[in-house]
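Here is the structure we will look at.
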Amino acid sequence: MPLPDHYVEAVYKDPGLERYRGNPLIEALPPIMDLQALKAKLTGKVKFNPKDCFEKGHIRAHQICALLDDFFQPLAMHKQLEEKISIMIRAGYVGRNLADGSLNKLMQESYERIMAGESSASRFVQSNSTAKSLSLIGCSGSGKSTTINRILATYPPVIYHSKYNFIQLPYLRMECPSDGSLKSLCLNFFREVDRLLPTGYEEKYARKRHGTEVLLSLMGQVATQRAIGVLVIDEIQRLTLKRSISKEAMLEFFVALVNVVGVPVVLVGTPKARPIFELELQSARRSAGFGSLFWEPMQCGPVSTDQRTGKVRKTEWVAFTDKLWQYQWLTQRDEVLSDEIRDCWFDLSQGVLDIVVKLFVLAQMRAISTGLERITVKLLRTIYEQELKPVHPMLDALRRNDPDLLNKYSDLQLPSIDKRLLELKALIDRQQNTKEADAPFAGNDTALRLYTMLQAMGCDSGLLQPLIEKVFKDHPNLSLPELSRVVLDWYASSMKPTKAPRAITEKIKEKDWHTLPSDDLRFKFSQADKGQLYHDLRYGKELFDMPSWLKRVG
């Protein structure tokens, strides 16, 4: 009988450490990852092809929106988290071994505790648990859940050991219930196991009115029977909604969770859950834990220099934004990210990963829908003011570095973003239909693409149209690169093609100045605040450098 799709057949490999050898539960896991393997496994799979910048707007909109789900750039904090989870899973299996009978011993002990009706029975000999706990705290949008999911996805969800006729769950991820109940949290555990395996634990245990102590013992039995490697509990700040539960009671619950269930536990939440863990840090029980990770947003600087090579080291913020900047499907895109845009981007997002990416995606969508076709400081500020209002309080708290305000606003979300993206897609579709209705070249897609591409290179649109019409008439079988070379030769030549009609330079209306090339003064005027254009221009560039000239002439 074939295994279900999400099952894998166990393949045993040397884990590389004597402590782990001889344990089938560890030997069946994927190899421990080094830095290069981690980058390959975690990096997003977004593909960028420069020619796609000249596709129609509604096609580009789909590529841009894919960044929200598929773009992921591993950072130092992601590597640190992966290492901790990797150690926790393997170390947690050290005391549970299929081959030497220690797993069966744990199952027997768990059974005896349940039969005694206690979560901990002193008269039974307890095996030394190697399970650890870890707490991960960070504001909404810092990438906690996304990173956890990507790390867990490097492990198979279910491993079947045919040699032992045994099913292993390397990890189990669950969320705290919205009602903040500890009992509901326990039942969520059984629901997740039922989702992966053909079991009926939730129905079986929910029917009986068990208390949390008994449910914890039952969780321990199931966790041992199914050899769960690590238990990840997300959104733990929801437990603070239940005012009848004290911080001390929640801490007791989590300590019992690690001790009784006997598997490593990762607790993930926002700063609202921080009081629970601050209490844990003050407690003597903290020795049972694996520490706490407080994920702060990315910082923008300062830039440092490698003393050995003299090369400037990129900060994580610079490296991250440089990588993301490559994924622009805009015809007038700037290839190099300027310091002015980068600084504005950081000021508006405060380095919160989710906001950084959403701001970038919304800016591209707006750039296409308005015809701007590039990202500017003015565009980023407009998007921030109009689209990101729900998170202004949280970002203001980050700017002020106010922990009390951050605790208050750290759970803010952007539920309207998907709706706004759909509205921008619809606007792009309407504009595309209008363009196609008035489009030259009789709907020839290749001609339109060539026209857009050469226009983006700075060629005069009034001169291009007759040249493109002629090249398709004279050379209909040439490829796009060959066509572009012919048109550019004609464009650069002082001798116009004999059959090409005389070009008439089109006058651009002021409302369309934002579509002109970035070095055009009319474009700069469209981007400047009222009365500020002169202050935005630079001596030696757009302005004659009068101060330097006066110094030279004395």
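Nearest 10 degrees, 0 to 90: what angle lies between the long axis of helix 316-325 and the longest principal axis of the chain (Cα atoms)? It is inclined by approximately 50 degrees.
Segment F441..H475, full-extension length gain: 10.8 nm, with 0.36 nm per residue of separation and the alpha-carbon distance subtracted. Taking label positions 7 Å along the Cα-Cβ direction at both D322 and E18, the computed distance is 4.4 nm, reported to one decimal. Rounded to the nearest 20, the Cβ-based charge dipole of the stretch 1-110 about its Cα centre (Lys and Arg +1, Asp and Glu -1) stands at 320 debye.
Excluding E27 itself, what net charge comes from residues whose Cβ is under 9 Å from its Cβ, given Lys and Arg +1 and Asp and Glu -1? Please report the intermediate quantities before stating the final value.
Details: positive: K13, R21; negative: D14.
So the environment of E27 carries a net charge of +1.
Would you mind working out the magnitude of the charge dipole of the stretch 322-430 relative to its Cα centre, with +1 at each Lys and Arg C-beta and -1 at each Asp and Glu C-beta, to the nearest 20 Debye? All intermediate terms of the calculation are to be shown ahead of the outcome.
Values: 16 positive and 18 negative charges, 68 e Å.
Dipole about the Cα centre, nearest 20: 320 debye.
Which of the pairs K84/K378; K183/K408; K323/K470; K425/K524; K13/K204 have their Cα atoms more than 31 Å apart in this structure? It would help to have the intermediate numbers written out before the result.
Details: K84/K378 42 Å; K183/K408 26 Å; K323/K470 40 Å; K425/K524 27 Å; K13/K204 37 Å.
Over 31 Å apart, Cα to Cα: K84/K378; K323/K470; K13/K204.
Considering only L169, N259, W329, and ranking their Cα positions along the charge dipole of the chain that arises from unit charges at the beta-carbon of Lys, Arg, Asp and Glu, the one farthest toward the positive end is N259.
The mean accessible area for residues of the chain, using a 1.4 Å probe and ignoring ligands and nucleic acids, is 52 Å² per residue. Phi angles across the stretch 333-340 convert, under the Karplus curve 6.51 cos²θ - 1.76 cosθ + 1.60 with θ = phi - 60°, into 3J(HN,Hα) values of 4, 8, 6, 10, 6, 6, 4, 5 Hz, Gly and Pro given as x. Once all protein chains are placed together, E213 keeps about 110 Å² accessible to a 1.4 angstrom probe. With the largest listed first and rounded to whole Å, the semi-axes of the equivalent ellipsoid of the chain from the Cα gyration tensor are 58, 28, 22. Computed extension length for L488-A99: 132.8 nm, one decimal, from 0.36 nm per residue of separation with the Cα-Cα distance subtracted. Distance from the Cα centroid of the stretch 73-98 to that of the stretch 330-364 is 33 Å (rounded to whole angstrom).
Computed from Cα positions, the angle between helix 377-387 and the longest principal axis of the chain comes to roughly 50 degrees.
Looking at the chain, the DSSP beta bridges with both ends there are about 20 percent antiparallel. For D429 and D396, the FRET efficiency from 1/(1 + (r/R0)^6), where r spans their Cβ atoms and R0 equals 41 Å, is about 0.70. Of the accessible area of the chain, computed with a 1.4 Å probe over protein heavy atoms only, carbon and sulfur atoms account for 51 percent. Extension gain, E335-Q532: 0.36 nm per intervening residue step, less the Cα-Cα distance, totals 68.3 nm. Relative to the longest principal axis of the Cα atoms of the chain, the long axis of helix 182-196 makes an angle of roughly 70 degrees.
The values are calculated or read from the model by the stated rules, or taken from the named source; none is laboratory data. Note that the structure is predicted; figures quoted are calculated from it, not measured. A quick note on method: Cβ atoms are made from the backbone with ideal geometry, for glycine too, and the neighbour counts reach across all protein chains shown. Each accessible area value is taken on the protein alone, full model and side chains, heavy atoms only, with ligands, DNA and RNA left out. Shrake-Rupley method; radii C 1.70, N 1.55, O 1.52, S 1.80 Å.
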